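Novice: One structure is given below, represented as C-alpha cells, and several questions about it will come after.
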Amino acid sequence: MTNKDLLYVKDLILTPSELTVNHLESVLNKALLPEVDFADLYFEQIYAESLALEDGKVKDAGYTIDKGVGLRVVSGEKTGYAYSDDINLKSLENSAIAAKSIVKQGSNKKISLTKNLRDHSTNIIHSLYDSSNPLESISIADKKSLLEEVDKEARRYDSKIKKVEVSLSGSYKVVLIVNSLGMLVPDIRPLVRFGVTVIAEDSKGHKESGSAGGGGRFGYLDFTKDNWHLEQAREAARVAILNLESKPAPAGMMPVVLGPGWPGVLLHEAVGHGLEGDFNRKKSSVFHDKLGQKVASELCTVVDNGTLDLKRGSLNIDDEGVPTQNTVLIENGILKGYMQDRLNAKLMNTESTGNGRRESYAHVPMPRMTNTYMLPGKHKKDEIIKSISKGLYAVSFNGGQVDITSGQFVFVASEAYYVENGEIKYPVKGATLIGNGPEVLKKVSMVGDDLELDKGIGTCGKDGQSVPVCVGQPTIKIDELTVGGTKSE
C-alpha cells in the first residue's frame, strides 16, 4: 500500500461527497463522550460480478456496485452502530448522533487526523496482494470462454458426466478506516473465485456429484496458468466417477486419517471458532479457561495467519485498521492465545491480533479467522496410512455442523476410502465424522510433513456475517473417532 493508493481511495470515496479529513475529525469528535472508549468510521465501495454456466449455457450473470459507511461507538461492553449507503457529511453526523445514544451526553474529547495523514504509511506494514481490479483483468467474452472450456473438459473426462455447472465470481473492494486513535488507513482488496460441479450417472440411473475450484486475492488470469482451470474440471469429474464406484462407508469407532488441505475445515469449525476472543470473554467457549494448559496432542501447533500472499483469507489490515499477523493459537498442544479484535482485546486486557472483521459497512466487526491451519510434522503420508489396521482415510468434506460451546461436530466426507492392513482398499460414500473438537486434537498421534492450504473456496459464517477464509493442515492421524455409515464393521 502506497501514497498513491491512499490518494486513490480518498478520491474514490471522499471526493465525490466533498468530504475532507477535517470533516471526518468533526464527525468523530461528535461521537466522543466521557463514557466513549473508542469510535471509528468504516467506508467501503465494492464492485462485484458473477457469471455461471449450466450445461454450456449462461445460467446467471450479474454486476453490482455498492458503497456505504458505518460509524461505531464503543463504551465498555456496549457498542452503538449506525450505517448509511449515502456517504455525505449530514448522514455521517446523523450516524454519530445515533451511535453515541448508547451513552450519556456531554464531554469534549478531541482527536486529530492531520499528523496521521502525513504518517499514514506507518500503519500499513503489509502488501499481500496487487491493488489492480480483477474484474478488468480479462474481457467478458474471455470469462465466458474460460467457463465453456471447463464445461467441455469435464464432459471429455468420461461419458458418464451428464451435467456440468461452472461459475466465476470476483469483487474489488476499496475501504477507508478512520478512528479516534488518529488512524486514517486504506486498503484495496481484490478477490476472485472459480468453481465447477458435475453430476455423473451410471447405466442404472444412479447419480453422484463432484466439485472442485479455488480462488484468492489475484486476477482471473491466474486461473488459466498451466491450464489450472482444466485441471479443476478433471478433478470434479474424477470425484463424481469415483463416488459412482464407491461402497457404503463402515460405521463405528475407528482410526481416521484426514488428508491435507481442505479437511482443515474440521479444524476451523470444531476448534477455530472456539478460539475467537468474544466466545472466550463471554465464557461460552470450551477453551475459555484453558490458557497455558494442554488442549491437544503435543504434535499439534495451530496458527491463524492473515499475512500470506494472495490467499483468500489474507488482509493487509483487518476491518479495524490493525495490521494482520501470524497468531499462534496452540503450540505443541498448549493453548497460547485467542484471536482478538479491538473491543474484546481491551476487555480481556490484551492486544488486538488483527482479527477484527466484518462482512460489510452494514455490520459491526468481531473476532474472525483469516487463514487458519495446523503446522506440519515429521511423518510421511504413506507412513501414516500404513499405520492403520482398519479405518478411514477422508480426503475432502462437503459440509458440517459444530456447537461452539461444547465443541461437538458432525462432518460429511465427500471423498473417503476404507483402509485395511495399511492399504487403501476402495472408495466409500456416506461417511460422517462425529466427535468433539478439543478431544479429537488430543487423539492426534501422527502429523504429516505435507502441509497444504485449501485452494481458496472457504467462506465462514458467524452471527449472520460471511467473510472469506482459508483453511489447511497436513495429513493427520486421529487414533479414534466415531464414523457414521451404512455398513456395520
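The values are calculated or read from the model by the stated rules, or taken from the named source; none is laboratory data. Everything numeric in this text was worked out from a predicted model, so none of it was measured. We place every Cβ from the backbone using ideal geometry, glycine too, and count neighbours over all the protein chains shown.
For (1) under 16 Å from Asp222 (Cβ atoms); (2) surrounded by fewer than 16 Cβ atoms within 10 Å (Cβ to Cβ); (3) not small (Gly, Ala, Ser), each residue gets a yes or a no:
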| site | (1), (2), (3) |
| --- | --- |
| Lys152 | no, yes, yes |
| Gly170 | yes, no, no |
| Asp187 | no, no, yes |
| Leu191 | yes, no, yes |
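Novice: Next question, about the same structure. Answer with yes or no whether Gly354 is in a loop (DSSP other than H, G, I, E, B), buried (at least 24 other Cβ atoms within 10 Å of the Cβ) and in contact (Cβ under 8 Å) with a residue 60 or more places away in the chain. Full working, then the answer.
Specialist: Values: in a loop (DSSP other than H, G, I, E, B): yes; buried (at least 24 other Cβ atoms within 10 Å of the Cβ): yes; in contact (Cβ under 8 Å) with a residue 60 or more places away in the chain: no.
In short, no.
Novice: Inside the stretch 224-235, can you point out the residues that are touching a residue at least 40 places away in the same chain (Cβ under 8 Å) and either assigned to a loop (DSSP other than H, G, I, E, B) or surrounded by fewer than 23 Cβ atoms within 10 Å (Cβ to Cβ) (or both)?
Specialist: Thr224, Leu230, Arg234
Novice: Quick one: in the stretch 357-373, which of the residues that are among the polar types (S, T, N, Q) and part of a loop (DSSP other than H, G, I, E, B) is nearest to Gly274 (Cα to Cα)?
Specialist: Across the stretch 357-373, the extreme among qualifying residues is Thr370.
Novice: Next question, about the same structure. Check off (1) among the polar types (S, T, N, Q); (2) out of contact with any Pro (no Cβ under 8 Å at 6 or more places or on another chain); (3) buried (at least 23 other Cβ atoms within 10 Å of the Cβ) for Gln401 and give me the number that stays unchecked.
Specialist: Every listed condition holds for Gln401 apart from (3).
Novice: If Leu191 passes every condition in (1) farther than 30 Å from Val21 by Cβ; (2) under 24 Å from the mean Cα position of the chain (by Cα) but one, which one does it miss?
Specialist: It is condition (1) that Leu191 fails.
Novice: Is there a residue in the stretch 140-160 that is touching a helix residue (DSSP H, G or I) at 6+ places or on another chain (Cβ under 9 Å) and part of a strand (DSSP E or B)?
Specialist: no
Novice: Within the stretch 174-184, is there a residue that is touching a Ser or Thr at 6+ places or on another chain (Cβ under 8 Å) and over 23 Å from Asp60 (Cα atoms)?
Specialist: yes
Novice: Limited to the stretch 185-221, what total is found for residues that are free of Cβ contacts under 8 Å to residues at least 60 places away in the same chain and not in a strand (DSSP E or B)?
Specialist: Qualifying residue count for the region: 5.
Novice: Just one of the numbered conditions (1) in a loop (DSSP other than H, G, I, E, B); (2) touching a strand residue (DSSP E or B) at 6+ places or on another chain (Cβ under 8 Å); (3) of a type in the set (Val, Ile, Thr) is not true of Ile241; which one?
Specialist: Result: Ile241 passes all but (1).
Novice: Taking only pairs six or more apart or across chains, which ones have beta-carbon atoms under 7 Å, a first residue in the stretch 262-290 that is of a type in the set (Val, Ile, Thr), and a second residue that is assigned to a loop (DSSP other than H, G, I, E, B)?
Specialist: As it stands, the answer is Val286/Thr405; Val286/Ser406; Val286/Gly407, since those pairs meet every condition given.
Novice: Considering only the stretch 236-252, state which residues are under 28 Å from the mean Cα position of the chain (by Cα) and surrounded by 19 or more Cβ atoms within 10 Å (Cβ to Cβ).
Specialist: Ala236, Ala237, Val239, Ala240, Asn243
Novice: Turning to a different aspect of this structure: Pick from Gly313, Gly354, Gly391, Gly399: which is closer than 17 Å to Gly264 by Cα, at pLDDT 95 or above and not acidic (Asp, Glu)?
Specialist: Answer to the selection: Gly313.
Novice: Sticking with this one: How many of the residues in the stretch 4-23 are assigned to a helix (DSSP H, G or I) and closer than 20 Å to Ile46 by Cβ?
Specialist: Initial filter on the stretch 4-23 (assigned to a helix (DSSP H, G or I)): 4-13, 15-17, 21-23.
Of the ones still in play, those that are also closer than 20 Å to Ile46 by Cβ are 5-13, 15-17.
Number satisfying all stated conditions: 12.
Novice: While we're here: Considering only the stretch 315-365, state which residues are on the phi > 0 side of the Ramachandran plot and charged (D, E, K, R).
Specialist: none
Novice: Residues to consider are Glu415, Glu423; find the one that is charged (D, E, K, R), surrounded by fewer than 21 Cβ atoms within 10 Å (Cβ to Cβ) and modelled with pLDDT of 95 or more.
Specialist: Glu423
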